[in-house]
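Everything on this sheet refers to the single structure shown next.
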Amino acid sequence: MNISHHFDDATLISYSSGSLPQGMALLVASHLHWCPECRVRTEETDTIGGALLDALAPVALADDALEQLLARLDAVEVEPAPAPAPVQNSDNDDELPAPLAAVLGQPIDALPWRRVGYGVQQVDLGLEGPGATRLLRIQPGISVPHHTHRGNELTLILRGSYTDEVGRFQRGDVADVDTEVQHQPIVDTDQECICLIATDAPLKFSGLIGRLAQPFIGL
Amino acid sequence: MLEDDPEGKKVNAATDLAHERQARERENWTRALATLAETRDRKLFAELFAHFGPRVKAYIIRLGMPMATAEEITQEAMLSVWRKAHLFNAAKASASTWIFTLTRNLCIDRMRRERHMEYELPDDKADPQERHDGEQAVLEQRMRKAIDTLPDAQAQVLFLSYYEGKSHSEIAEQLGIPLGSVKSRLRLAFGKLKQHWEGES
Ligand SMILES: [Zn+2]
C-alpha cells in the first residue's frame, strides 16, 4: 500500500490522550493498522502521556489496596473475545483494516447500503458520542457538495480514490480537515470510491446545492 | 553578570543531576517491568505497585473520575500490568508509557460504558527506530524535560488533552479560542517535543 496522506499531529495527540470520539478513534486505529509511519508517531504521542503520568503528584491508595490486589493475582481471568489477528501486507484490494472489520462483522459489499443521493450510498455505523461515523460509497464522477466543517472530519479511503482541493486520496490515505478547509471531493477514476468518515460535529454545507443536499444526504 | 553567575550554574547543575537521577529511575522501572514478565515475582510487583499505583490514581482523578472509581480503576490497571506483563516490550515503550496506555484504555472503557476495542496492531519487527531496552526511558525523561520548557499556552492544551481527556472542540470552547488555534498549539508543542526527542539522541 502506498500511503501519502497522514494524520495531523493534533489528531494523534487526541488519540493518545484518549479524547477522540469512538468513531474517530476507530478510524485512527484502522489507518494505524496500515501505516507504519503513523504507528511510530503514535509511539511518540503515547510517550508524552507516559512522561505526564510520571510528572503527577502521587495520590495515596487505600491502606489495603496492595493486599486486595495480591489476593486477585491468582484468580482465573475470564478471557475476553480475542482481538482479530492483524493481517499485514495484504494484496487483496478489498481487505479491510482489522479494527474496522471487527466492528462491521461482514464484508463491505454485504452491508445494508442505503441510497442517500444521486450516486451516493451510505451505512451509518451508529456509534455513540458526538458527531457521526459512516461509510460512504460514491460512484465515479460524482462529487460531494462543497462543505465546511464546524469540527474535525477524518476520512479514510478504503477503495478507489478521489481528488479535492488538497490533492489526490487513494486507498489507505486519510484526509484530516477542520473548519479552515472548504472542500469538494470528486471521485476521479472509473472505480467507485468507498471511504470511512468520522466527525466530531455535523458538517456545514455552503452554497445552494449544499443547502439542498444537506437534509437529503444527512451528512 | 548573568553569564558569570556561579549560583545560576549551581542551580543548573543541580537540575541536571536531578534529571539524570530521574532518567535512571525510569530505566530501572522499565527493567523491573520487563523482569516481572519472566519471573512473576510478587515482591517486584509490589514495588511496581507502590510506585505506579498512586500515579495511576492521580491520573484517573485528573480525568474527572470520582475517588472510589479511581481506586477501583487503579486496581484494574495494576491487575492488567500483572496479567499483560508478557506483552510489554521495553524496546517500544518505557514502563510509564505502557502503564499510561493501559490505564487510558480502561478509562475510555469506563466512560463509554462499553468494552474498549483494543486494537491489535501489526508488530513492526524491522523497525529502523528499534531501540535497546531502557532507551525509551531516557527518551521519555528528555520529553519530560522538554514539556517543562513549553510556553504556557502550549503546555495548557497538552494538559487539557492528556490530563482531562478534552477533545479539540471542548478545549476551544473552554479557552474561548478557535478550534484551529487549539490544533496549531498542539502541533507546535509536539514539534518542540520532537526536537528534543530527535535532536539529542
Ligand atoms: Zn499514516
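The values are calculated or read from the model by the stated rules, or taken from the named source; none is laboratory data. Just so it is clear, the structure is predicted and the values come from calculations on it, not from any experiment. Neighbour counts run over all protein chains shown; Cβ positions are idealised from the backbone, glycine included.
Residue by residue through segment A:1-19, note down the ones that are touching a residue at least 40 places away in the same chain (Cβ under 8 Å), at the interface with chain B (Cβ under 9 Å from one of its Cβ atoms) and within 12 Å of the chain's Cα centre (by Cα).
Result: A:Thr11, single match.
Exactly one of (1) modelled with pLDDT of 90 or more; (2) within 16 Å of the ligand (Cβ to nearest atom); (3) more than 24 Å from B:Gly64 (Cα to Cα) is unmet by A:Leu70. Its number?
(2)
Of all the residues that make up segment B:1-34, how many are modelled with pLDDT of 95 or more and surrounded by fewer than 15 Cβ atoms within 10 Å (Cβ to Cβ)?
0
Name every residue in segment B:49-66 that is surrounded by fewer than 21 Cβ atoms within 10 Å (Cβ to Cβ) and either more than 9 Å from chain A (Cβ to nearest Cβ) or under 19 Å from B:Arg26 (Cβ atoms) (or both), in order of residue number.
B:Ala50, B:His51, B:Pro54, B:Ala58, B:Gly64, B:Met65, B:Pro66
Can you tell me which residue is farthest from the other protein chains (Cβ to nearest Cβ) among those in segment B:155-201 that are more than 18 Å from A:Ala55 (Cβ to Cβ) and of a type in the set (Asp, Glu)?
Among those residues, the one meeting the criterion is B:Glu200.
State whether the residues of segment A:15-24 include one that is within 16 Å of the ligand (Cβ to nearest atom) and at pLDDT 95 or above.
The answer is yes; a qualifying residue exists.
How many residues are surrounded by fewer than 22 Cβ atoms within 10 Å (Cβ to Cβ) and modelled with pLDDT under 90 when one looks only at segment A:168-185?
Total meeting the criteria: 7.
Which of the residues that make up segment A:186-219 are at pLDDT below 50, out of contact with any Pro (no Cβ under 7 Å at 6 or more places or on another chain), farther than 25 Å from B:Leu179 by Cα and surrounded by 14 or more Cβ atoms within 10 Å (Cβ to Cβ)?
A:Ile217
Is one or more of the residues making up segment A:83-93 at pLDDT 90 or above and touching a helix residue (DSSP H, G or I) at 6+ places or on another chain (Cβ under 8 Å)?
No; the residues of segment A:83-93 include none that is at pLDDT 90 or above and touching a helix residue (DSSP H, G or I) at 6+ places or on another chain (Cβ under 8 Å).
What's the number of the only condition in (1) farther than 22 Å from A:Ile13 by Cα; (2) modelled with pLDDT under 95; (3) in contact with a Gly (Cβ under 9 Å, 6 or more places away or on another chain) that B:Ala93 fails to meet?
Every listed condition holds for B:Ala93 apart from (1).
Return yes when A:Pro58 is within 16 Å of the ligand (Cβ to nearest atom) and farther than 27 Å from A:Gly131 by Cα and no when it is not.
In short, no.
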